[in-house]
Structure formats: structure tokens, C-alpha cells
């Protein structure tokens, strides 16, 4: 089935209008999703609208409300909400251009592909795409859709354009409030050099195909096994083994870094397949211990 456009309209740059279509760049069905089932009957659980002390209520008696204090709501009728909805404009005006590095990754929300609506729109579309690429800029605009307004950024993506919805400033928490208790200590130069060497040795171009959702794969395999199993028997039994996690060994940070650098530097650089094999063989307990060692020494120094 052909993909359904999320939005159709035109991108406008000054006096130039380009008819386009926007499609979601992500697939919601890629992840395993569960329903709640009533085990004795095998039927799906449904939910009723209920009011405490009253019980189930008619859907026609339900309106929306905004809580202004505990238990106190401002009630809003559908007509009132409709009155403040933005008209679903068919024009996305590009109002500003910025360097991509100026947009903090915290603001990026969801990606969409933008393509020309028809052959007549292609020339102007290509000019905009290549101009953005040549200028190394990202276009900013606001898209009115489904009664609301989304802040968006547009940049070249292969032969097309990529539109990403952005969070507004009041939707993002400031990070400094979470980081205030982190020590201001300067790490020893030798430790820093070892860590930097390890980073350099493991630096490679990012390729999403090199990574898989191991939990999602295991879930699908479990579902397939259960579907084939008879009598609803357990396909996988929990033997209480946590996979070696939670080990109590504390490894010295310097020794751990030296060992890591030595493994990465020994012989010729590992190929992708060799790297995967090594990662698969590496005991989880050592990883947990190494993680602990990254924090333990600094805490000792702090309390000393």
C-alpha cells in the first residue's frame, strides 16, 4: 500500500512557492507492541470511562478540562477549542536560515521526508535543495497541521529534503539542574590520554545497519516459539541467572583503561565481524565491573 502523506501543500521562499508532499520517515510497526489480555478467556481487555463514586459514564457527558490546581479544572467545550485552532494552512513559509550546529539535538523530535508534488515542482524543489546544501544552512518555519502549529527544520537529504519537527523552548528541560552535583575535578592526564586513545581506536563512520535491536529480535523469537508451542507452555524458563550482571568486583580504572587500549591495539585493527564476535564473547560481569570502576576511584579521591 502506498504511503499516506502526512501533509500536502507548498513551501514558500519569498515569492517562490513549491508544491510538496511530506511523509513520515519512521515506521511505528517496527517495534513489538502488546495488548492486555484477560487470561481465563483469552479476550482483549477494554476500558470504560468511569467517574469515582459514580461508575461508567456516557461518552456524550465527557468534556475536556485543564487542571490548574489539585482537583480543580478549567472546563473547555469543543466549540471553544475549535475557535482557537489554527487554520490548516497549505503553505509552509521559510522564515529563517541557520547553521545546523546551532540547533541543539534536544530540540529535534520526529523526521519526515519532503518530496516535490509533481514534475512541475521539481525544478524549484531542486534549486531549494541545492541552495541549502551549498550554503550549508537549515531552513526554519512553522507548519500548521491538525489544529496546532509545529516548529520545523528543513535540510537536504539525498535527492530530497528532510523535515524535522522541533520542540519549543518551554518543552525542553535545562540540563544544568541535573548536573549541579557532579564534581568539578580535573581527571589525571594519564587517565585522560588513555581514554582518548581508546576513543580514537574505536572511532568509525556511523552506520545504523551495524546495530540491531537485540531485545526486539529476542521478543519476536519468543513470540514465534510461543505461537508454535502446545498447551501454552513456557517457551523460555527463568532460571534466575541475570547474565552475570551485578558483579561486585571493582577494577582499578587505570588498569581497566590500559587493558582496554591494549586489546584494541593488539595486532591489526579488528574487522566489523571480528568486533561483533569479540563483543558477543565478552562476559557481562567484566563490563559491569568496568562501569563501576569508572566512578569508584573519583569518589575515593573526593572523600580523601
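Couple of notes before you dig in:
- Filtering the stretch 1-46 to residues that are surrounded by 11 or more Cβ atoms within 10 Å (Cβ to Cβ) and assigned to a loop (DSSP other than H, G, I, E, B) leaves 5, 6, 25, 32.
- Residue in the stretch 178-196 that is surrounded by fewer than 16 Cβ atoms within 10 Å (Cβ to Cβ) and within 22 Å of the chain's Cα centre (by Cα) present: yes
- When residues of the stretch 60-69 are limited to those that are out of contact with any strand residue (DSSP E or B) (no Cβ under 7 Å at 6 or more places or on another chain) and farther than 22 Å from residue 171 by Cα, the one surrounded by the fewest Cβ atoms within 10 Å (Cβ to Cβ): 60
Where a number appears in this text, it was derived from the coordinates with a stated rule and is not lab data. Just so it is clear, the model here is predicted, and its values are computed rather than measured. Please note: Cβ atoms are built from the backbone with ideal geometry, for glycine as well, and neighbour counts cover all protein chains shown.
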